[in-house]
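The values are calculated or read from the model by the stated rules, or taken from the named source; none is laboratory data. Keep in mind that what you see is a predicted model, and the values were worked out from it rather than measured. Note that each Cβ is placed from the backbone with ideal geometry, even for glycine, and that neighbours are counted across all protein chains shown.
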């Protein structure tokens with residue numbers, strides 16, 4: 001009888017043992033692919049194709065814009081900024097160190113971080129004097145930030161111009177240190193994200209500081225209006 | 001399964017076999033369904049061309065006030081067959097780009113009727129207002145034609161390949177697409193190899209091989225079936241918030257098709273697994289009855305002797 | 001869920017300042033004057049930048065009247081931050097950095113001095129470790145601890161230290177606090193007092209048709225959201241840490257996986273021990 005019971009136990013318990021182990025393994029190995037899928041989904045439908053469900057509970061209106069990336073008209077070192085509203089996508093970031101483009105939203109919020117990189121509204125607009133601070137999730141849009149090295153370029157395309165920054169310094173700081181994200185007198189771009197931590201949400205941040213090396217304000221629109 | 005020395009390795013191998021079966025199922029479905037032919041067939045089945053025409057009509061009606069060109073100048077010469085040909089051109093271009101890992105390059109098929117209609121309209125209008133048909137006139141006409149093809153192309157790019165390419169996603173997809181035969185072979189080969197290992201471990205008594213392979217198939221089938229049923233029954237992909245109807249239909253239909261194919265294959269795998277377990281159970285029970293009957297025979301002899 | 005309470009917050013002036021900017025009366029004042037005033041009262045630079053960015057979205061809708069009111073409200077709010085009170089001569093302020101009592105008036109000209117009377121501009125910067133000498137309207141002088149030492153004190157210690165002076169001396173000290181000292185006061189202000197301090201600014205924000213909502217309020221941090229009449233989020237201002245949380249917390253996934261692995265391993269062990277031990281016993285019996 002004992003033998004019979006033990007055979008039953010083996011044959012019944014074993015599938016559940018295998019199932020539990022496989023679920024555990026699948027939970028872990030599906031983390032990265034799901035992050036990547038989230039990024040790709042946002043990138044594919046970035047160009048004003050998305051109907052963004054507004055977050056009624058907090059009044060956030062997310063607006064995706066078609067950003068000019070193939071401008072062929074005249075440019076100038078000086079020009080006017082087009083100031084975005086909170087929750088508005090106003091730039092696309094590309095870099096020699098990134099494979100993918102990254103949409104940049106004005107303002108930072110949990111929902112906006114799911115859609116792209118976020119610029120703190122307490123920093124200066126792209127191309128202006130001062131510290132432009134942009135951050136994104138380490139698992140998604142800034143997964144390649146750690147690949148940037150000194151000398152790499154970061155190009156930010158907006159609807160008022162294209163601005164190229166060159167990486168000057170790699171930085172690392174604690175979450176409670178505002179030194180790199182506070183306004184500055186010199187013109188710079190600060191990109192940062194969480195340091196890679198297998199459990200996520202680390203206290204340490206890594207990033208880069210870049211100097212503005214090229215400014216191209218789009219001037220053709222103004223000329224067209226004047227004509 | 002009488003010994004730990006067979007049970008434990010078989011247990012570990014079956015865990016890996018589940019993952020290998022899931023992977024090989026996914027890669028096989030991907031390999032079969034993600035092709036230009038299937039994409040074109042889907043486009044035709046879902047009548048994407050009519051959705052594109054509706055959108056183009058709306059666009060040209062809205063633009064008519066600004067451009068001065070009535071919508072019918074364009075739309076009277078854009079047929080569903082023509083739109084189908086443009087959609088097919090984009091699909092072919094996308095898959096060519098992925099196969100050869102190069103940037104997207106699609107030539108929108110020419111529409112001589114539309115070009116002629118535009119030329120006629122421009123000419124008649126110029127005549128009516130006494131406008132000289134100089135270089136600027138012909139440049140404007142050419143630009144109008146170029147923009148028309150651009151608009152048609154944008155609308156017919158139902159899988160947004162141009163957007164994929166612009167943002168770097170196409171190159172990632174291209175990598176996966178070019179590796180898919182290797183990945184399919186590796187995953188299927190891996191599954192077969194693991195089954196052989198399980199057979200080797202259970203060489204003395206091969207029946208447990210049926211059991212281990214069976215439960216691995218059942219569990220892999222469950223992993224494929226349950227999420228697929230959830231996605232299809234809750235119409236999960238309908239929650240994609242995409243403005244353009246043809247893009248929405250193209251993507252959601254493709255997702256549903258892949259999910260349904262995966263679900264069907266997973267259910268098949270589940271059934272195969274159940275069958276293997278039943279066969280094992282039957283053979284085990286038969287063997288046990290034989291073993292029991294051979295144990296009682298000496299006792300009967302003793303009893304008869306007594 | 002957000003608490004839909006209209007509150008005035010000192011740090012929420014990022015929204016408040018810009019909101020206040022609209023609809024006031026003019027005196028040829030500019031936005032730069034408002035920013036300078038805000039700096040003087042110790043507002044964080046990021047908060048000021050936030051307000052400036054918002055102003056720049058539609059600069060034509062503001063005039064110098066608006067800026068005047070903004071400055072007035074900043075001064076009023078700043079004045080509420082620290083006020084004079086009765087002298088408490090028994091208080092001694094002790095910290096690890098400094099031990100001091102109210103200093104007697106001094107006419108020693110060799111001291112580094114802040115030569116000032118009530119209402120005048122602050123004197124040039126000094127060495128941070130120097131005792132600061134202040135001048136009363138009647139010409140007499142008195143000393144107070146250095147800027148650096150003052151900043152190191154806790155909020156209560158600051159209040160206790162100030163109260164060791166006469167009310168007139170207290171006013172002189174308050175009038176001559178540096179932006180860094182105000183900032184330290186702002187940071188240390190208890191949550192309930194943070195809410196009280198911004199009463200003036202709140203009224204002006206409401207007059208602009210906007211609402212302030214506190215998203216997060218602790219002694220160490222404050223986050224305020226500004227919304228228009230339709231409830232649309234216009235901006236969020238954070239005081240305290242400006243560094244975002246840019247990582248997903250995966251601990252729950254790993255914990256779940258860990259639990260499953262543990263259960264599976266434990267079950268396998270039990271199965272092996274019970275089943276194969278029983279099998280061996282059965283075999284032995286045979």
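When the stretch B:116-166 is limited to residues that are surrounded by 12 or more Cβ atoms within 10 Å (Cβ to Cβ) and outside any helix (DSSP H, G or I), the one that is nearest to the other protein chains (Cβ to nearest Cβ) turns out to be B:160.
Selection of the stretch B:233-245 for residues being assigned to a helix (DSSP H, G or I) and over 17 Å from the mean Cα position of the chain (by Cα) yields B:233, B:239, B:245.
Do the conditions hold for residue B:263, that is, is it at pLDDT 95 or above, surrounded by 14 or more Cβ atoms within 10 Å (Cβ to Cβ) and under 30 Å from residue B:161 (Cα atoms)? Can you show your working first?
Working: at pLDDT 95 or above: yes; surrounded by 14 or more Cβ atoms within 10 Å (Cβ to Cβ): yes; under 30 Å from residue B:161 (Cα atoms): yes.
Yes; evaluated as a whole, the condition is true for this residue.
The combined condition, being outside the structural domain of residue B:254 (by TED's automatic domain parsing) and closer than 30 Å to residue B:255 by Cβ, is not fulfilled by residue B:62.
Table: residues versus (1) modelled with pLDDT of 95 or more; (2) more than 11 Å from chain C (Cβ to nearest Cβ).
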site	(1), (2)
A:107	no, no
A:113	no, no
A:144	no, yes
A:165	yes, yes
A:168	yes, yes
A:174	no, no
A:180	no, no
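Total residues in the stretch B:11-51 satisfying the condition of being in a helix (DSSP H, G or I), more than 14 Å from every other protein chain (Cβ to nearest Cβ) and under 11 Å from the mean Cα position of the chain (by Cα): the figure is 9. Only one of the numbered conditions (1) farther than 18 Å from residue B:266 by Cβ; (2) modelled with pLDDT under 95 is violated by residue B:196, and that is (2). Scanning the stretch C:205-224 turns up one or more residues that are surrounded by 19 or more Cβ atoms within 10 Å (Cβ to Cβ) and either part of a helix (DSSP H, G or I) or at pLDDT 85 or above (or both). Is it true that residue C:269 is more than 7 Å from every other protein chain (Cβ to nearest Cβ), buried (at least 17 other Cβ atoms within 10 Å of the Cβ) and either closer than 30 Å to residue A:20 by Cβ or at pLDDT below 75 (or both)? In short, no. Candidates in the stretch B:184-202 are the residues that are surrounded by 17 or more Cβ atoms within 10 Å (Cβ to Cβ) and within 30 Å of residue A:144 (Cα to Cα); of these, the one that is farthest from the other protein chains (Cβ to nearest Cβ) is B:184.
If the requirement is being part of a helix (DSSP H, G or I), touching a residue at least 24 places away in the same chain (Cβ under 8 Å) and more than 13 Å from every other protein chain (Cβ to nearest Cβ), which of these qualifies: B:256, B:284, B:230, B:251?
Numbers: B:284 fails: more than 13 Å from every other protein chain (Cβ to nearest Cβ); B:230 fails: touching a residue at least 24 places away in the same chain (Cβ under 8 Å); B:251 fails: more than 13 Å from every other protein chain (Cβ to nearest Cβ).
When all the criteria are applied, what remains is B:256.
Among the residues of the stretch C:230-238, is there at least one that is farther than 12 Å from residue A:58 by Cα, facing chain A (nearest Cβ under 7 Å) and at pLDDT 80 or above? Within the stretch C:230-238, not a single residue is farther than 12 Å from residue A:58 by Cα, facing chain A (nearest Cβ under 7 Å) and at pLDDT 80 or above.
Residue-level check: of (1) within 27 Å of residue C:213 (Cβ to Cβ); (2) away from every other protein chain (no Cβ under 11 Å), residue A:72 misses just (1). Checking each residue in the stretch A:127-139 for being facing another protein chain (nearest Cβ under 10 Å) and either farther than 17 Å from residue A:101 by Cβ or surrounded by fewer than 24 Cβ atoms within 10 Å (Cβ to Cβ) (or both) picks out A:128, A:130, A:131, A:133, A:138, A:139. Does residue A:124 satisfy the criteria of being within 11 Å of chain C (Cβ to nearest Cβ), in contact with a strand residue (DSSP E or B) (Cβ under 7 Å, 6 or more places away or on another chain), under 27 Å from residue A:220 (Cβ atoms) and in contact (Cβ under 8 Å) with a residue 24 or more places away in the chain? Judged against the criteria, residue A:124 is a match.
Within the stretch A:109-134, track down each residue that is closer than 28 Å to residue A:32 by Cβ and out of contact with any helix residue (DSSP H, G or I) (no Cβ under 8 Å at 6 or more places or on another chain).
A:109, A:110, A:111, A:112, A:113, A:117, A:119, A:133, A:134
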